[in-house]
């Protein structure tokens, strides 16, 4: 039964000691630990947006962490692109099951400079570049076959050529105003430390689990 | 570099053939496959809610799947409880990295009957029951020590006794009106099948990746 699937979290703890009002450096530490401990898909984050009072959420990959925030790339004409254009308030959720850790981010999404997006686009494998060109993201399509024909059309079009970044493609940076770090503990007495902005500075407090 | 972390998904595909207008049975199939293939934390789902135009998201565990929807349990006085009381539109996101699969649910959350909640509460390990009693979920607390003292107070109070379910604790069922199944494919040409309600019946269509 589903209800019997449970873990008693006890790998780590999260203490106030040593925290320095810098949530992004703590995030960086946790992320790097997830990468070095071979968590499956460590850069996965669930991006949530709001559309007319309804939340919507999907997985995207974190592609860059800067002093300003969290960067991911997408088709600006996708559903999430439309939603962000109408309401740039978003949340991000990282869950590293193997580390018994979760990070919850609330922030504002902004398009990054197209030069930066191109810089990243060029590093993508050719087939991913092709895929970005071949798909009208989130639109209906009659069949898998039709999708594959679109891909083939792009393959012919760009045969032997560099694939240019589509105009409607690029990155967003999520600038956080709240970040919660959640460390699973036994008996569901988890550690939760919430960083929040207070007059332009980061502060933190502990929350009950 | 983060941007170099990428998978070329190629384990499975998702075809229209064999789909029978019943997204919950397809979900059940994927969930059971995730459990039998030993995905880490297969019942993890990211629940997103909306508070005054801002999305908020956190991990909860799926505890029951019924013909009506997805059941999880929580403290009704927690942030998510408050948010659902004000706006019952929610989304759920399941990501089974090892299966290269994602399920995106949009639905309405409703409290379940307290008798059903008690039924589940009784099956929880005693320490989890204690934890639910000892924590004012999402409220600030001065220190870990204070939290542990709250736990000890509950331990003394219920020493040798059955721990009753707190009045403010129980389940929600998320009744879906849209469910998307996402199967990672190579060259980012993923399979996406969206089930939606049409005059009280489920139908589906394929989306571009």
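Using a 10 angstrom cutoff on alpha carbons, build the Gaussian network for chain B and name the most mobile of B:77, B:185, B:124.
The residue with the greatest mean-square fluctuation here is B:124.
In whole percent, what relative contact order does the stretch B:114-209 give with Cα contacts below 8 Å and a gap of six or more residues?
Computed value for the stretch B:114-209: 20 percent relative contact order.
Figure the gain on full extension for residue A:28 and residue A:186 (residue separation times 0.36 nm, minus the Cα-Cα span) and round it to one decimal in nm. Please list the in-between numbers first.
Working: separation 158, 0.36 × 158 = 56.88 nm, distance 2.48 nm.
Full-extension gain reported as 54.4 nm.
Give me the one-decimal nm value for the distance between modelled label points at residue A:35 and residue B:167, 7 Å along each residue's Cα-to-Cβ direction.
5.1
Let me confirm one metric for peptide B:83-91, namely the mean number of other chain beta-carbon atoms within 10 Å of its residues' beta-carbons.
Partner Cβ neighbours, averaged per residue: 3.
Can you compute the radius of gyration and Dmax for the protein assembly as shown, using only the Cα atoms, both in Å?
Calculated on Cα positions, Rg and Dmax stand at 21.8, 76 Å.
In whole angstrom, how far apart do the alpha carbon centroids of the stretch A:45-83 and the stretch B:2-51 sit?
The stretch A:45-83 and the stretch B:2-51 have Cα centres spaced 19 Å from each other.
Put a label point 7 Å from Cα along the Cβ direction on residue A:167, then list its distances to the equivalent points in the other copies in nm, shortest first.
6.2
Can you list the copy-to-copy distances for residue B:33, using a point 7 angstrom from Cα toward Cβ, in nanometres, shortest first?
Listed shortest first, these distances are 3.4 nm.
For all pairs of alpha-carbon atoms in chain A, what percent lies in each bin of width 10 Å, listed from the first bin to the last filled one?
Per 10 Å bin, starting at 0, the Cα pair percentages come out as 7, 28, 31, 21, 10, 3.
Over the stretch B:1-116, what is the relative contact order in percent, taking alpha-carbon pairs closer than 8 angstrom and at least six residues apart?
23
For peptide A:38-49, how many partner chain Cβ atoms fall within 10 Å of a residue's Cβ, on average?
That average works out to 5.
Compute the separation of the alpha-carbon centres of the stretch B:107-178 and the stretch A:134-209 and state it in Å as a whole number.
33
Could you work out the helix-only [θ] at 222 nm for the protein assembly as shown, with each DSSP H run of four or more residues adding -39,500 (n - 2.57) and the total divided by the number of residues, to the nearest 500 deg cm²/dmol?
Mean residue ellipticity, 222 nm, calculated: -7500 deg cm²/dmol.
Gaussian network model of chain A, Cα springs within a sub-10 Å range: biggest mean-square fluctuation belongs to which of A:135, A:57, A:36?
In the Gaussian network model the winner is A:36.
Grab the beta carbon distance between residue B:122 and residue B:199, set R0 = 56 Å, and tell me the FRET efficiency rounded to 0.05.
Efficiency, rounded to the nearest 0.05: 0.85.
Arranged from highest to lowest average of other beta-carbon atoms within 10 Å per residue, in what order do the peptides A:8-18, B:85-95 appear?
Sorting A:8-18, B:85-95 by mean packing, highest first, produces B:85-95, A:8-18.
Calculate the mean, over all residues of peptide B:102-109, of how many other protein chain Cβ atoms lie within 10 angstrom of the residue's Cβ.
Other-chain Cβ atoms within 10 Å of each residue's Cβ, averaged: 2.
Points 7 angstrom from Cα along the Cβ direction at residue A:1 and residue A:66: gap in nanometres?
Roughly 5.1 nm, to one decimal.
If each residue's Cβ is checked for other Cβ atoms within 10 Å, how do B:157, B:175, B:106 rank with the fewest at the top?
B:157, B:175, B:106
Just to be sure I understand: if I project the alpha-carbon convex hull of the stretch A:65-159 onto a plane and average over all orientations, what area do I get in nm²?
With every direction weighted equally, the projected area is 8.6 nm².
Using a 7 Å offset from Cα along the direction of the beta-carbon, what are the separations from residue A:1 to the same position in each other copy, nm, ascending?
Label-point separations across copies, in nm and ascending: 5.2.
At q = 0.15, 0.18 Å⁻¹, what base-10 log of I(q)/I(0) does the Debye formula yield for the stretch B:125-209 when every alpha carbon is treated as an equal point scatterer in vacuo?
Each listed q maps to, in turn, -0.69, -0.79.
For chain A, what relative contact order do you get, as a whole percent, if you take Cα pairs closer than 8 Å and at least 6 residues apart?
The value is 26 percent.
Mind giving me the nanometre distance, one decimal, between the label points for residue B:148 and residue A:86, set 7 Å out from Cα along Cα→Cβ?
Label-label distance for residue B:148 and residue A:86, simple model: 4.9 nm.
Coordinate-derived values only; no laboratory data. This structure is a prediction, so every number in the text was calculated from the model and none was measured. Glycine also receives a Cβ, built like all others from the backbone with ideal geometry; neighbour counts cover every protein chain displayed.
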